[in-house]
Amino acid sequence: MSAAISRSAGWQSLLPLVVIAVVAVPLAAQSVTVRTVANALHVQARGFSFIEGPVLTRLKEGRSVRIDFELTVLTKPDGPSTKQAAQGFTLSFDLWEERFAVSRIGSPPRSISHLRPRDAENWCLENLTVPVSSLGFGRDTPFWIRLAYRVHDVAPEVNQAPDERYTLRGLIDRLSRRREEADLAKSVDAGPFRLP
Amino acid sequence: MRTLALLFVLLGLPLVAANAQEADAPEGAVIDAVEISGFSLYSLSPGLQKDINSLVGSPLNREGLNQLASRIEQEQPEVVAAVRGVSRPDGKARVIFLVARISDDTDLTENINARYIVETVDVEGPYNEISQQLRDDLQKLVGRRLDTDEAERLQERLEKELPGRDVARRISKGSQTGRIRVVFEIFEEPWIRFAPTRSKLVYHSQQGWSGVLDIPMSSSRSRHRFTAGVAFNDIDELIEEYSGFRLAFESRVIGTEKLGARLEFSRYNQTWEDATLTALASNPGIPELYRNRLTFEPTATFAFNPRVRINGGISISELESLSNSPNSQMANAWLFGISGDHLWQGSNDVRQRAEASYQIRAAVKGLDSDLVYKRHLGQARYQFEQGRSEAIASLSLGYITGDAPLFERFSLGNSTTLRGWDKYDISPLGGERMFHSSVEYRYSHVAVFFDTGSVWDRNTESKIRYSTGFGIHSDNSFLTVGFPLNSDGADVTFMAGVRF
């Protein structure tokens, strides 16, 4: 009987460790780090995957997918934003090379191909930066990061029919798509960080 | 951009006539020169440089050349590379690598597969319902680089020719390296459709503005839809002028695509025109006015096939008295309806669409209704289109027995019926009997129409009214001038609006 109690107590003492492991593994899998290169604050988010699930399915069907990113620097968790950067990317999957291509939307345009999924994701984050000089705080000040993306179900707006781009029908279509797009959005908060 | 265009012209050369001097070199021809255009050889790794340089003097091997082009792209992922062996007069071969930046080409930045030549264009779905012109235009994509803008436009044309169906586009590998298949997928029309949105912004020169905004929330192929709607002010639809909101949930597949359901809740506040108030004073038999109308309406729909459906349910309405608030009357009715439609897509761009429906709303004591009545409404519509010409004919018949509240009574003389007349001149309380017919002809959206109709009560005589007019009409917008023909006055009515 005492042996049974002892075994039970042993398992109970292991339970918190199991809980910690279950909780910590996904957190560790989404670890966010920051670094500065010249005047640019970069973010790296291991495990912040977006080329998966329905996005991957669409890409492998030869469709292009637009993803908009936002990188927000906060002075405290859930606090006001100090600086925000937004950048859109168009992804496609080269059917013959079986590699991903990414194009940065806006000026100057940049494109890259022959990437594996994780490399394509990293390339997007590499091209999402905040100027360090615009942050307005020094190396000792802690800050937090919010990294978010939203996947659009449709081709970029430039490819919409010109006569539908600004119509009420277009507005309704965009509103109608909102729920589906919400399923294809993710954000992660991390911190505190200090400027390296 | 020129380099890139040249590159893809070069890629596509086997598909177009080439002169003798630029003919493709045969497999095995000795390579006597190698060129790289648009890129510096020294940007490549020493190993790749060496492999490219060592081509000189070796026999031409297309597979090997393609592998080298692929290695250029792998080393320099910001570029695309193409390669071709050109025959020289002395029988030897000249190899040209053309390299260009992806970001220099908008089609490639949109979709990297735009570098490939379209081998086939396939339609998965009811191919026979697509016009010959559109079929021909789809095939024009073949043999060229994928033009994503053109493919998008063709997809939109398919959606327009096949209303109610969803069209998607995908790309897959072709039978040869560097070739792709473009597939337009047409999804069959659902057996049960979502109710059309009621959004509109309408102006009627005698009645004023009406504005309703419905926001449907679903994806295009979703089985369920939630709609939130706001009526800012609607004087166009009923004899009452109302504002308020509605919430609706619809499911068009419940276990089977033959069964659907809909729940709607709405709350509207009413205001009444002076003409209605005056007319009601001399018609005490008509149920009293109300200030609020609160309605809950659950219904179910069964589809026999994609074209014929029946629906049934209950409509529970509480009408808060205008003069004796907060007293209210209930108007609770059984609903039953049957509807059908059919589309014929013929040759020579001829399209015909016919729709017909019948609905009865029976308010009975058994549902705790204070107002007891039956309302029958039958409607039919036929539309013929050929090229820019379009003809539309419609007929509506309505019949009410018992004491129907004002929102159930028929009215004519708005932006869709007896255009040119004002419904408050015809019958400010609406009527228990109604018929209306309309014929309209459009050419390139320029429309002329002739409307006929009458609305009356069981104990009054029917007076048939006519109107005509012209305007600019499309499927969802209109700009109309209407003239009542057998009116004492000769008022001209101007109407404009969008429905979306």
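The values are calculated or read from the model by the stated rules, or taken from the named source; none is laboratory data. What you see is a predicted model, and the numbers here were worked out from it, not measured in a lab. Note that each Cβ is placed from the backbone with ideal geometry, even for glycine, and that neighbours are counted across all protein chains shown.
Quick one: how many residues across segment A:48-105 are modelled with pLDDT under 90, assigned to a loop (DSSP other than H, G, I, E, B) and more than 10 Å from chain B (Cβ to nearest Cβ)? Of the residues in that region, 10 qualify.
I'd like the residue in segment A:106-117 that is within 8 Å of chain B (Cβ to nearest Cβ) and among the small types (Gly, Ala, Ser) and, out of all such residues, is surrounded by the fewest Cβ atoms within 10 Å (Cβ to Cβ). So, considering only residues that are within 8 Å of chain B (Cβ to nearest Cβ) and among the small types (Gly, Ala, Ser), the one surrounded by the fewest Cβ atoms within 10 Å (Cβ to Cβ) is A:111. I'd like the full set of residues that are in a helix (DSSP H, G or I), within 12 Å of another protein chain (Cβ to nearest Cβ) and touching a strand residue (DSSP E or B) at 6+ places or on another chain (Cβ under 9 Å), limited to segment B:158-182. Correct list: B:159 only. Among the residues making up segment B:455-478, those that are in contact with a His (Cβ under 8 Å, 6 or more places away or on another chain) and surrounded by fewer than 19 Cβ atoms within 10 Å (Cβ to Cβ) are B:472, B:474.
Among the conditions (1) farther than 21 Å from residue A:93 by Cα; (2) assigned to a helix (DSSP H, G or I), the only one that residue B:152 does not satisfy is (1).
Could you go through segment B:144-157 and let me know if any residue there is farther than 30 Å from residue A:110 by Cα, out of contact with any His (no Cβ under 7 Å at 6 or more places or on another chain) and not small (Gly, Ala, Ser). There is at least one residue in segment B:144-157 that is farther than 30 Å from residue A:110 by Cα, out of contact with any His (no Cβ under 7 Å at 6 or more places or on another chain) and not small (Gly, Ala, Ser). Evaluated against (1) outside any strand (DSSP E or B); (2) at pLDDT 95 or above, residue B:393 falls short on exactly one condition, (1). Does residue B:185 satisfy the criteria of being closer than 27 Å to residue B:111 by Cα, among the charged types (D, E, K, R) and in a strand (DSSP E or B)? The answer is yes for residue B:185. Segment B:15-112 holds helices (runs of 4 or more DSSP H) entirely within its bounds, and those carrying 2 or more residues that are within 14 Å of chain A (Cβ to nearest Cβ) map to B:62-75, B:106-110. Looking only at segment B:472-485, residues that are at pLDDT 90 or above, of a type in the set (S, T, N, Q) and not in a strand (DSSP E or B) come to 0 in all. Looking only at segment B:214-267, how many residues end up being under 18 Å from residue B:300 (Cα atoms), in contact (Cβ under 8 Å) with a residue 40 or more places away in the chain and crowded, with 19+ Cβ neighbours inside 10 Å? Residues flagged as under 18 Å from residue B:300 (Cα atoms), in contact (Cβ under 8 Å) with a residue 40 or more places away in the chain and crowded, with 19+ Cβ neighbours inside 10 Å within segment B:214-267 amount to 5.
Candidates are the residues of segment B:116-149 that are within 14 Å of chain A (Cβ to nearest Cβ) and part of a helix (DSSP H, G or I); the one that is surrounded by the most Cβ atoms within 10 Å (Cβ to Cβ) is B:148. Scanning segment B:29-48 for residues that are within 55 Å of the chain's Cα centre (by Cα) and over 26 Å from residue B:90 (Cα atoms) yields B:38, B:39, B:40, B:41, B:42, B:43, B:44, B:45, B:48. Summed over segment B:379-404, the residues that are surrounded by fewer than 23 Cβ atoms within 10 Å (Cβ to Cβ) and in contact (Cβ under 8 Å) with a residue 60 or more places away in the chain give a count of 1.
Listed by position, the strands (runs of 3 or more DSSP E) contained in segment B:223-294 that have at least 2 residues being of a type in the set (Val, Ile, Thr) are B:224-234. Inclusion of residue B:201 among residues that are under 30 Å from residue B:275 (Cα atoms) and either in contact with an Asp or Glu (Cβ under 6 Å, 6 or more places away or on another chain) or within 13 Å of chain A (Cβ to nearest Cβ) (or both) is warranted.
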